[in-house]
Structure formats: structure tokens, C-alpha cells
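The values are calculated or read from the model by the stated rules, or taken from the named source; none is laboratory data. Here the structure is a predicted model, which means the values were calculated and not measured. All Cβ positions, even for glycine, are placed from backbone atoms using ideal geometry, and neighbour counts span all protein chains on display.
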Amino acid sequence: MVMQALAFPTFSFTTKSSENKRFIMDPIRKKFVLLTPEEWVRQHVIQDLMDKGISKTRLSIEKQFEVMGQQKRFDVVVAGANASIALLVECKAPEMPITQATFDQIARYQLALNANYLMVTNGLQHIYCQIDYDKQAYHFMPDFPLKGLAL
């Protein structure tokens, strides 16, 4: 299975095949996980964040949490200072367009997690925004501002 090129730098990944399935090593979960199109995007996000200087110890991958009484699972979270969440990332497969429904999903997660920044990506398109809690607004930006961010 050849995975498609994404709008990220080129990274080197460790993969393996078993029982006609392909797996990719997740450096955060420290195990091989099934290589799906969404996982391909998630692994690129992880590598990109680490390449930008985010420590592995600040990354959480696919953890369960509760929002409005329902169990949900986030894709990637970057821990910030004082147990805050600096960045919440929602990953979609490349063939999935980023729609209002996608953004509504991460906004619901935001209600429970209170991240400072959000990122939605299908690997081809990345949308970043900062949450302004005082004005209850989203400020969209061209990239995630790692420099100067209190991580």
C-alpha cells in the first residue's frame, strides 16, 4: 500500500507488514499501529510537531475523554504550561474534505478540553485557529505559532 504525499515535510517512518496489513510505528504510543489514511495524517502531524521542537513528553495521542456525557477520543493534544492544553488537533483522512461538521466536531471537543489553539487537517489542508475566550471567538491564522507560545 502506497500512501499519498501530504502537505508536510518528508519524514522517514518505520513500517511493517503482518497478515496482509501494514503498520506504522507511533513514537508516542511506542507501538506499531494499523496504517490507515487517517493514521498516516496523524503520524505526519506528530513528526511535524516534534520537528518544530515539541517534546514527545508533551504529546498525547488518541486518548479518551468525556464531552457532554459521551466518550470521545482526540487525535493529538500538545500539553501546555500548568496542565493546560496548548493545541488540540483533529486529523481526517486525505480523501475527507474539511467541512463545517469537521470543525463542529473539534469545537465540541474544545468545550471539554479548553485548548488555546485548534488544528484541523486532512494532511492536504491545515486549518489553525486561536481561541479568544474573552470574546468567545476563533481567530484563524496561517500557521500554528510555536515561537513565543508558552509550552
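What residue, of 24, 28, 61, is without any contact (Cβ under 8 Å) to a residue 40 or more places away in the chain, surrounded by 11 or more Cβ atoms within 10 Å (Cβ to Cβ), aliphatic (A, V, I, L, M) and closer than 19 Å to residue 106 by Cβ? Give the steps one after another, and end with the answer.
Details: 24 fails: closer than 19 Å to residue 106 by Cβ; 28 fails: closer than 19 Å to residue 106 by Cβ.
One residue alone meets the criteria, 61.
Quick check on my filter: what residues within segment 20-39 are touching a Leu at 6+ places or on another chain (Cβ under 7 Å) and hydrophobic (A, V, I, L, M, F, W, C)? 23, 24, 28, listed by residue number. Just a yes or no: is a residue in segment 7-16 hydroxyl-bearing (Ser, Thr, Tyr), over 20 Å from residue 129 (Cα atoms), touching a strand residue (DSSP E or B) at 6+ places or on another chain (Cβ under 7 Å) and without any contact (Cβ under 8 Å) to a residue 40 or more places away in the chain? Taking every residue of segment 7-16 in turn, at least one turns out to be hydroxyl-bearing (Ser, Thr, Tyr), over 20 Å from residue 129 (Cα atoms), touching a strand residue (DSSP E or B) at 6+ places or on another chain (Cβ under 7 Å) and without any contact (Cβ under 8 Å) to a residue 40 or more places away in the chain. Note on segment 110-128: residues that are buried (at least 19 other Cβ atoms within 10 Å of the Cβ) and hydrophobic (A, V, I, L, M, F, W, C) total 4.
Are any residues in segment 17-58 part of a helix (DSSP H, G or I), in contact with a strand residue (DSSP E or B) (Cβ under 9 Å, 6 or more places away or on another chain) and at pLDDT below 95, and if so, which ones? Steps first, answer last, please.
In the first step, residues of segment 17-58 are kept if they are part of a helix (DSSP H, G or I); the result is 37-51, 56-58.
From what is left, the residues that are in contact with a strand residue (DSSP E or B) (Cβ under 9 Å, 6 or more places away or on another chain) are 38-46, 49-50, 57-58.
Residues satisfying the conditions are 49, 50, 57, 58.
Filtering 86, 81 for residues that are in contact (Cβ under 8 Å) with a residue 40 or more places away in the chain, in contact with a strand residue (DSSP E or B) (Cβ under 9 Å, 6 or more places away or on another chain) and over 20 Å from residue 123 (Cα atoms) leaves a single hit, 86. None of 41, 45, 77 is farther than 30 Å from residue 20 by Cα, under 15 Å from the mean Cα position of the chain (by Cα) and not aromatic (Phe, Trp, Tyr) except 77.
Take residue 90 and tell me if it is part of a strand (DSSP E or B), among the charged types (D, E, K, R) and crowded, with 16+ Cβ neighbours inside 10 Å. When the stated conditions are applied, residue 90 passes them.
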